[in-house]
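Notes follow the structure.
Just so it is clear, none of the values below were taken in a lab; they were calculated from the coordinates. Computed from a predicted structure; not experimentally measured. Neighbour counts are summed over all protein chains in view; Cβ atoms, including those assigned to glycine, are modelled from backbone coordinates with ideal geometry.
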There are 2 protein chains.
Amino acid sequence: PVFLCSSIQADDPLPSWNETSPKHRLIQYVKDSTTEGESFIPVEERIAVFDNDGTLWPENPLPFQLIFAIDEIRRLAPSHPEWKEDKLVQAVLKGDVKTLKESGRKGLGKLLAMTHTGITTVEFETRVQNWLKTAKHPRFDRPYNELGYQPMLELLAYLRANGFQTWIVSGGGVDFMRVWTEEAYGIPRNQIVGSVGKTHFEMRDGTPVLIKDPEIDFVDDKAGKPVAIHRQIGRRPRGAFGNSDGDYEMLQWTTIGHAPSIGLIVHHTDADREYAYDKAPKSSGKLIKGLEDAAKRNWIVVDMKKDWKRVFSAE
Amino acid sequence: PVFLCSSIQADDPLPSWNETSPKHRLIQYVKDSTTEGESFIPVEERIAVFDNDGTLWPENPLPFQLIFAIDEIRRLAPSHPEWKEDKLVQAVLKGDVKTLKESGRKGLGKLLAMTHTGITTVEFETRVQNWLKTAKHPRFDRPYNELGYQPMLELLAYLRANGFQTWIVSGGGVDFMRVWTEEAYGIPRNQIVGSVGKTHFEMRDGTPVLIKDPEIDFVDDKAGKPVAIHRQIGRRPRGAFGNSDGDYEMLQWTTIGHAPSIGLIVHHTDADREYAYDKAPKSSGKLIKGLEDAAKRNWIVVDMKKDWKRVFSAE
Ligand SMILES: [Ca+2]
Ligand SMILES: [Ca+2]
């Protein structure tokens, strides 16, 4: 009967996960955390931190924030005649990926500065919103903010239903993320830890504004992640979820000498449904140390192909 | 009858405020914010930010974090023979306030560095806890964390009972504050915005630690306050509460062109029960611009002597 089916479904907090070890360990962890006993975690300490790119949504063919920057360069180019002489802009306009990739971190930083700064925080937010309304992922043909991994969305909701605070701790920009994280992930604007550009306050025509400046204030990656977690959250998390060696220190900080806790790495093994990469082929997130140490540290490694029943929500 | 009395008390959310304009305006603001209509504020936007020194607790005879640093110098001096040659340390040990004051910001920074850095975040927290257990305010003879202003504690609770998030946005150090804010103010560790020293992550004997470094990362004062509010909270607050011109930009950011909102300045007018200062005599918090602009901006100015029935909780 229909009643019974929906009742069974409701009993499974992680329906998009296969019945393999990661799902069972996650459920056991939540049960232990919320049951009186050795592994109980007081509510105020139920802090779970999630990397974003490659952990909650894809990071290919390029990190989505970079795709936003590229789309913005295209949109803005007609009103910036001075960009005509700029090799990097020309590479963007021609879709010359090779030149873009060769420009490395410096080129990337320049594209971000050109599209993320010199405007108010309000104007920036409007631009991200407008982009999300029209841009679509080249392969999956859906708006970027609808590409959250369904199994991870279920995990976020499951943790919250059990008293956990869910935080993003990402190398991405805070101002870029918080435009859409509430709706996409159920994560409020003040639970986003990320990279931060300098801003300054000024009165403009009698109204206060914050202007986004080109200087980088903080890069939230690798050993920066525990530092930023300390600054904004002020507690060691009890759960850390990542996908690359950029999350290695966050996993260490969360789990080593800090029981009860859980660490999890999403391993991209599914070229058919998503992408497959770790130490190779080259991707935004490289995963070497995390895989090597996972067994020793008792971190869960999710084999996307084997452990996830589906990757994205049904269309 | 006892029943009636306690019932009347329970109906008054701000019993330590006199029946003067500030109290009435605060209650009206909360009623309007939570009632459908022009001045209704959706729950997710009910953000109230509070300066700490001079707003939630005193800042005299010196800001309490500085008193902590001085007490720590005294405690640590016997095990630091190299400090014997140090003029500033000698001034501390002799109680030579004149030399300390003359050393200015640079001397102050040095005292903070000597007592706040080179240790793990865990060790620092233990030291603050130990200090709070033994140190007492020279005039009020009570532990520092029991010197929250009773009217402000009531206001914090009243706002929270009406769906507001209460945040500290202080020039004080985040690591110093979050040790005691939960118990003293009901403000959790992740709702503290403040000044921040650099820290770095390392593995020490196989265990992850964060070490507090001497460099200052961010000073949360004046135009820095809106910047830090944006970074950590990600919304313009709907209420700002301060006591000095260090809060001026935070008051602007919260209230100008941003109705409905409220701004409030605690004016220290009560030398008998607490302290009296604004532009003079010299104190940690100077208040000039705020008083000049309060009428134009419709900011509430609390006259501590006139508007507060009592200053501290009953002993
Ligand atoms: Ca990642
Ligand atoms: Ca103050």
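Distances between copies at residue A:135, taken between label points 7 Å from Cα along the C-beta direction, are 4.9 nm in increasing order. The residue of chain A whose Cβ sits closest to the rotation axis that maps A onto B, together with that distance in whole Å, is A:232, 3. Using the Karplus relation 6.51 cos²θ - 1.76 cosθ + 1.60 with θ = phi - 60°, the per-residue 3J(HN,Hα) values for the range B:103-112 come to 6, x, 4, 5, x, 4, x, 5, 4, 5 Hz, with x marking Gly and Pro. The GluC sites (Glu not before Pro) found in the range A:33-116 that occupy coil by DSSP, while having at most 10 further C-beta atoms within 10 Å, are A:36, A:38.
Given a cut-off of 42 Å, what percent of all Cα-Cα pairs of the protein assembly as shown lie beyond it? Display every interim value, and only then the final one.
Values: 61023 of 198135 pairs.
Every Cα pair in the protein assembly as shown considered, those over 42 Å come to 31 percent.
Within the listed set B:58, B:22, B:138, the Gaussian network model of chain B (springs between alpha-carbon atoms below 10 Å) gives the highest mean-square fluctuation for B:138.
Taking the label point 7 Å along Cα→Cβ, residue A:281 and its counterparts in the other copies are spaced 7.4 nm apart, in ascending order.
Amide H contacts under 5 Å for residue A:53: A:171, A:172, restricted to partners 5 or more places along the chain or on a different chain, H placed in the peptide plane at 1.01 Å from N.
If the limit is 19 Å between Cα atoms, which of A:23/A:309; A:289/B:212; A:279/A:305; A:110/A:133; B:133/B:305 go over it? The pairs that break the limit, which is 19 Å between Cα atoms, are A:289/B:212; A:110/A:133; B:133/B:305.
Mean separation of Cα pairs under 8 Å and 6 or more residues apart, divided by the residue count, gives chain B a relative contact order of 23 percent.
Over the range B:64-134, what is the relative contact order in percent, taking alpha-carbon pairs closer than 8 angstrom and at least six residues apart? Show your work: numbers first, answer last.
Numbers: 33 pairs, mean separation 25.4, N = 71.
Relative CO of the range B:64-134 lands at 36 percent.
Using the Karplus relation 6.51 cos²θ - 1.76 cosθ + 1.60 with θ = phi - 60°, the per-residue 3J(HN,Hα) values for the range A:142-152 come to 9, x, 4, 6, 10, 10, x, 5, 4, x, 6 Hz, with x marking Gly and Pro. What the phi angles of the range B:158-164 give under the Karplus curve with 6.51, -1.76 and 1.60, with θ = phi - 60°, is a coupling list of 5, 4, 4, 5, 10, x, 7 Hz, glycine and proline written as x. Applying a threshold of 23 Å to the alpha-carbon distances of A:106/A:222; A:84/A:198; A:98/A:225 flags A:84/A:198; A:98/A:225 as lying beyond it.
Using only helices, what value at 222 nm comes out for chain A when you add -39,500 (n - 2.57) per DSSP H run of length 4 or more and divide by the total residues, to the nearest 500 deg cm²/dmol?
Values: 14 runs with 128 residues, N = 315.
One gets -11500 deg cm²/dmol as the mean residue ellipticity at 222 nm.
When B:293, A:11 are arranged by Cβ crowding within 10 Å, least crowded first, meaning fewest neighbours, the order is A:11, B:293.
To the nearest 0.05, what FRET efficiency results for residue A:18 and residue B:203 with a Förster distance of 35 Å applied to their C-beta separation? Each step should come with its number before you reach the end.
Numbers: r = 35 Å, r/R0 = 0.99.
The formula returns an efficiency of 0.50 here.
Gaussian network model of chain B, Cα springs within a sub-10 Å range: biggest mean-square fluctuation belongs to which of B:247, B:86, B:205? Evaluated over chain B, the most mobile residue of the options is B:205.
Centre-to-centre, using Cα atoms only, the range B:282-315 and the range A:62-135 are separated by 48 Å.
At the listed q of 0.18, 0.21, 0.24, 0.28 Å⁻¹, the Debye profile of the range A:64-134, built from one uniform point per Cα, gives log10 I(q)/I(0) equal to -0.68, -0.92, -1.17, -1.43.
Want the number for residue A:99 to residue A:183: 0.36 nm per residue separation, take away the alpha-carbon distance, what's left? Could the numbers behind the result be given before it?
Values: separation 84, 0.36 × 84 = 30.24 nm, distance 3.54 nm.
Taking residue A:99 through residue A:183 to full extension adds about 26.7 nm, to one decimal.
If the elastic network links every pair of Cα atoms under 10 Å, which of A:76, A:112, A:153 fluctuates the most in the Gaussian network model of chain A? Result for chain A, Cα springs under 10 Å: A:76 fluctuates most. Residues whose amide H lies under 5 Å from that of residue A:217, counting only those 5 or more places away or on a different chain, are A:196, A:197, A:198; hydrogens are built 1.01 Å from N in the peptide plane. Sorted shortest first, the distances from the residue A:117 label point to those of the same residue in the other copies are 2.6 nm; each point sits 7 Å from Cα along Cα-to-Cβ.
What residues qualify as long-range amide H neighbours of residue A:286, i.e. H under 5 Å apart, gap of 5 or more or another chain, H built at 1.01 Å from N? Hits under the 5 Å cutoff: A:245, A:246.
Modelled spin labels at residue B:293 and residue A:84, positioned 7 Å past Cα toward Cβ, are 4.4 nm from each other.
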